[in-house]
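A.B. asks: Below is one structure. I have some questions about it.
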Amino acid sequence: MFGWKKWKPDPKEEMIRKQLQDRGIMDSRVLEAFRDIPRERFVPKEMQAHTFEDRPLPIGAGQTISQPYMTAFMTQLLELRDTSQVLEIGTGSGYQTAILASIARRVHTVEKIEELSLRAKTTLDNLGFNNVIYHVADGSRGCVYPGPFDQIVVTAAAPAIPTPLLEQLTDGGIMVVPVGERTHQILLKVTREGHDYRHERLCPCVFVPLLGAGGFLDEDEEDY
């Protein structure tokens, strides 16, 4: 008798079909980026078995790699072009950075925690990305040079949209940012129209807090 092995679907393709396409992610460039970029390279070894699960995963330093759907949804909302100059607030694992950089012309990414920034840079360098500029700084202040930016994505929750980020958005530019309390937020899409800003409330979400001048105080500071 022949021993037949049970066929198992590819976990990445299952993630893309069930978590992204079935939930309305249809931008072919976003889907292609998810296929091309090895998500497992951005997940700690001890969490490798959970790489393609429908949830955020811890990456150390109290931070997470976002749920695949949320990464894809935020990227699709940005309406990226191959000429886009993008600002990312919160480098984290670097996975969202890689997705952005695979579509846009250039990505400036700001991370407050140097350890995470260096780790993400190493991963992206090893994958051959050469269109990412890394900054270790207070992300709530944005990145004045070389702004303004066509798109801004904030991967941490702010109590309100930091004013510097609004000012660093080009006319017609788009920002995606979670805004609310530490424990729960609403995802906003903000489009600049001259001196005005159009806000769209999209869905409830939960992100780690944005720390800094335009974000939340560090919990240790709040004790005083």
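A.B. asks: Counting only residues 5 or more places away or on other chains, whose amide H sits under 5 Å from the amide H of Ile133 once H atoms are built in the peptide plane?
C.D. replies: Val107, His108, Thr109
A.B. asks: Same structure, new question: Contour minus end-to-end for Glu200 and Met47, with contour as 0.36 nm per residue of separation and end-to-end as the Cα-Cα distance?
C.D. replies: Result for the pair: 51.6 nm of gain on full extension.
A.B. asks: For helix 114-126, what angle does its Cα long axis make with the longest principal axis of the chain, in degrees from 0 to 90 and rounded to 10?
C.D. replies: The helix 114-126 is inclined about 50 degrees to the chain.
A.B. asks: Rounded to the nearest 10 degrees, what's the angle between the helix 68-78 long axis and the longest principal axis of the chain, both from Cα atoms, 0 to 90?
C.D. replies: 50 degrees
A.B. asks: Please list, in order along the stretch 182-197, the HN-Hα scalar couplings obtained from phi with the Karplus expression 6.51 cos²θ - 1.76 cosθ + 1.60 (θ = phi - 60°), rounded to whole Hz, x for Gly and Pro.
C.D. replies: Karplus values, whole Hz, x for Gly and Pro: 4, 9, 7, 9, 10, 7, 10, 10, 10, 10, 7, 10, x, 8, 10, 9.
A.B. asks: Using 28 Å as the Cα-Cα cut-off, could you pick out the over-long pairs in Lys45/Lys189; Lys8/Lys121; Lys12/Lys121; Lys12/Lys112; Lys8/Lys189?
C.D. replies: Violating the 28 Å limit, Cα to Cα: Lys45/Lys189; Lys8/Lys121; Lys12/Lys112; Lys8/Lys189.
A.B. asks: Run the quick spin-label model on Glu32 and Asp10: label points 7 Å from Cα toward the beta carbon, then report their separation in nm to one decimal.
C.D. replies: The two pseudo-label positions are separated by 1.6 nm.
A.B. asks: Same structure, new question: Report Rg (one decimal) and Dmax (nearest whole number) for the chain, counting Cα atoms only, units Å.
C.D. replies: Reported Rg and Dmax, both Å: 17.7, 75.
A.B. asks: Return a whole-number percent for the relative contact order of the stretch 83-136, with Cα pairs under 8 Å and 6 or more residues apart as the contact set.
C.D. replies: This gives 41 percent for the stretch 83-136.
A.B. asks: When only alpha-carbon atoms count, how far does the stretch 86-188 stretch along each of its three principal axes, as whole angstroms with the largest first?
C.D. replies: Extents along the principal axes: 36, 32, 21 Å.
A.B. asks: Assuming R0 = 30 Å, what is the FRET efficiency of Glu79 and Ile133, from their Cβ-Cβ distance, to the nearest 0.05?
C.D. replies: 0.90
A.B. asks: Which one, Pro162, Ser66, Gln19, is farthest towards the positive end of the dipole of the chain when Lys and Arg carry +1 and Asp and Glu -1 on their Cβ?
C.D. replies: The Cα lying farthest towards the positive end belongs to Gln19.
A.B. asks: At a threshold of 8 angstrom on Cα-Cα distance, excluding pairs fewer than six apart, so keeping six or more, what relative contact order does the chain reach in percent?
C.D. replies: Averaging sequence separation for qualifying contacts and normalising by length gives 14 percent for the chain.
A.B. asks: Just tell me the longest site-free run in the chain, where the sites are trypsin sites (Lys or Arg not before Pro) in a DSSP loop having at most 10 other beta-carbon atoms within 10 Å.
C.D. replies: With a cap of 10 other Cβ atoms within 10 Å, the longest stretch comes to 7-224.
A.B. asks: Tally the DSSP beta bridges in the chain and give the antiparallel ones as a percent, rounded to 5.
C.D. replies: Close to 50 percent.
Only the coordinates and a few stated rules stand behind these numbers; no lab work does. Treat the numbers as computed from the prediction; the structure is a model and nothing was measured. Counting neighbours? That spans all protein chains shown, and the Cβs are built from the backbone with ideal geometry, glycine included.
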